[in-house]
Amino acid sequence: MALRDKRMSPSSIAIEFEHAPGSIAGDSPAPARERTDAELVYAVIAGVRRAEAELYKRHARTIAAVAARLLGRSADAEDVVQDTFLTAFERIRQLRDPQLFRPWLVRITVRHVHRRFRRRRLLRALGLDRGEDDAALSRLALSPFDTETRAELGKLDAALASLSSQQRVAFMLRHVEGYELTEVASACGASLATVKRWLSRADEVVRAHTQEDAS
Amino acid sequence: MSKLREPLRELLRDPIGDAQLDAIWRRVEVKRRPRTLRRALVPALVAVAAVMIVVGERWPFGQHAAPATAPMASAPAALHWSNGDALTPAAAIEVVPGGAKRVLALSDGTRVELASGSRLVPSSSTPEAVELALEHGEARFEVAPQGTRRFEVHAGALRVRVVGTAFTVTRDRDADVARVTVEHGRVRVFSPAGEALLGAGDALRWPAETTAAPVAPPPPVNVQQPQQRPASVAAPAPAKTGDDFGAWRAAAADGDYRRAYALLGTRGYALVVRDESNVDVLLELADVARGAGHPRDAALALGRVVQRYPHDARSPLAALTLGRLQLDALGQPSTAERTLRRALDLGLPAALQEDALARLVQASAQAGDSAQARSAAEEYRKRFANGRYRANVDQWSKGP
């Protein structure tokens, strides 16, 4: 059996055994290549600040887009992005499998999104919710001149507004972000059965809204 | 359901742009900064009249944080104040003691904050270079990426050139003391002693020896360290090792480890490691040596971390790296066996324990310590019954 040390820098480690006869590979400088999430996670654990920046650069855009679409507000989404990465870096040693950094990050994001929803409900109850839904789906349409698409997205916005936050998040992860059911369950921290229940209810509401106008 | 094709995100634009993402990252970085570093900076700012210059770094998304988010031009025009005034000595800005902080902007979006009791004098501005002089007080800059233009701030005997970084400069005109502290990125500092390239966490004070109490370098988090050598810098000053010292870190940051190692050679790698007390720098030195093909030197630096700073959070990882080096590159399986056991005892993160245990089995087997190999293999099988290295561990622990 050969041991190959995947060369990484700086001060990060990954070890893989390869089933190859013969020599044990030693440390040798490797040509520059993009490091995997796992390698970067190890580097962060080792205290390498650059690795945090690399992880942020790699995932922030996606997390920001998901958060903004879930929340419908870019200002709230920016706070969630910040909180997500702070949480992730503080708790990174708890990550059991560094290769699963991205799904773990999404789970953290969803938790922070729910916090925001709770806060928004409270503000709304007090008549203090003055946020603007600048990231509602209908306002994010790539082609602002495609009125039909915008109209459909507008119906979706209206339907989503009547869902619980759990149903909304599940629906959006599934139909907007394109996650598999298992990925939705993982992100929501819920069982597959629970997620299916949320999605079923959400689908009913959306169907009702979209068909109501059609009729 | 909706008539739209899924996933719907393909019909949608990203609502948060690079500039906002960069701004978020800066907030994350500030919050991630160790409290000890923030405390170390406060005495410096209190003890001396502070000149603070924060330069827009090379953000993760390549944008700068200034209000004007125009991309860098390959042939920049001469800068001027955003109100159109030229950057000349006649356009000096001053805030009297007790006056309110003034916030101004340059034409490229570079932001200037001038504190109470401060005076900033623009020396010159051409397409090729901008020079400003802080006569006294505190000025904070967020400098947009300058492209090919040189951007310098003078503070007494110090001349600070923007390379792409965020840093703080302090100047006490009366005591004639100036100090540069780099928050992130790199800055090139010219002093009467020579030139140095400072990286994140580095600081330099000029003159190096003063009657004022030196600001101790921030200790790593969760560390019980031996007494630090008195230092007026958070990282070795250029006078310590000559002109090349700061340059090795820049070369390492670029991944050019052979060059970085060569730059250290003027003093000798071993001497540099012997005198270094910053764990970050020791780990960088280890990477340089490994990358340059000098595993024995790398083992020296890693060994120093493990021996001198066992309570540092990075020490277990340094031990694991050292153990692998001893096993793979140095042909020292017995030593590796001890080092790997130490790495596990020091408390490796859960994510790395399987690797370390597997390596321990291998090292023990190669050292001819069959009993230890079987014991470690047993431990591995108990904890990682379906582990990635199960087959290898079984093979190694079979013995001759």
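The distance between label points at B:Ala270 and A:Thr87 comes to 5.1 nm (points 7 Å beyond Cα on the Cα→Cβ vector). By definition, a body whose alpha carbon gyration tensor gives a ≥ b ≥ c is oblate when a/c is 1.5 or more and a/b is not larger than b/c, and the stretch A:111-215 fits this oblate description.
Put simply, the amide H of A:Val48, placed in the peptide plane, has no neighbours under 5 Å, leaving out anything fewer than 5 places away on its chain. Along Cα→Cβ, 7 Å out, is where each label goes; now give me the distance between the ones at A:Arg96 and A:Thr36 in nm to one decimal. Distance between the two pseudo-spin positions: 1.8 nm. Computed on the Cα atoms alone, the convex hull of the stretch B:248-400 gives a volume of 107 cubic angstrom per residue.
Backbone phi angles across the stretch B:366-383, fed through the Karplus curve with coefficients 6.51, -1.76 and 1.60 (θ = phi - 60°), yield HN-Hα couplings of 5, 7, x, 8, 5, 4, 5, 4, 5, 5, 5, 5, 4, 4, 4, 5, 5, 8 Hz in residue order; Gly and Pro are listed as x. Across the stretch A:170-185, computed HN-Hα scalar couplings (Karplus, 6.51 cos²θ - 1.76 cosθ + 1.60, θ = phi - 60°) run 4, 4, 6, 4, 6, 9, 8, 8, x, 6, 5, 4, 5, 5, 4, 4 Hz from first to last residue, x flagging Gly and Pro.
In sequence order, the stretch B:115-121 has phi-based couplings of 7, 4, x, 9, 9, 10, 10 Hz under the Karplus curve 6.51 cos²θ - 1.76 cosθ + 1.60, θ = phi - 60°, and Gly or Pro positions carry x. For B:Ala105, the residues 5 or more places off, or on other chains, whose built amide H falls under 5 Å of its own are B:Ser82, B:Val112.
Under a 5 Å amide H to amide H cut-off, with H placed in plane at 1.01 Å, what residues pair with B:Ala133 once short-range neighbours are removed? Amide H to amide H, under 5 Å and 5 or more residues apart or across chains, B:Ala133 pairs with B:Val121, B:Ser123, B:His154. Take every residue in peptide A:50-63, count the Cβ atoms of other chains within 10 Å of its Cβ, and give the average of those counts. Other-chain Cβ atoms within 10 Å of each residue's Cβ, averaged: 4. Remark: spin-label model distance A:Asp133-B:Ser375 equals 6.6 nm, labels positioned 7 Å along the Cα→Cβ axis.
Counting 0.36 nm for each residue step from B:Asp18 to B:Glu128 and taking away their Cα separation leaves a gain of 36.9 nm.
Just so you know, all these numbers are worked out from the coordinates, no wet-lab data involved. Keep in mind that this is a model prediction, so the values were computed, not measured. Note that each Cβ is placed from the backbone with ideal geometry, even for glycine, and that neighbours are counted across all protein chains shown.
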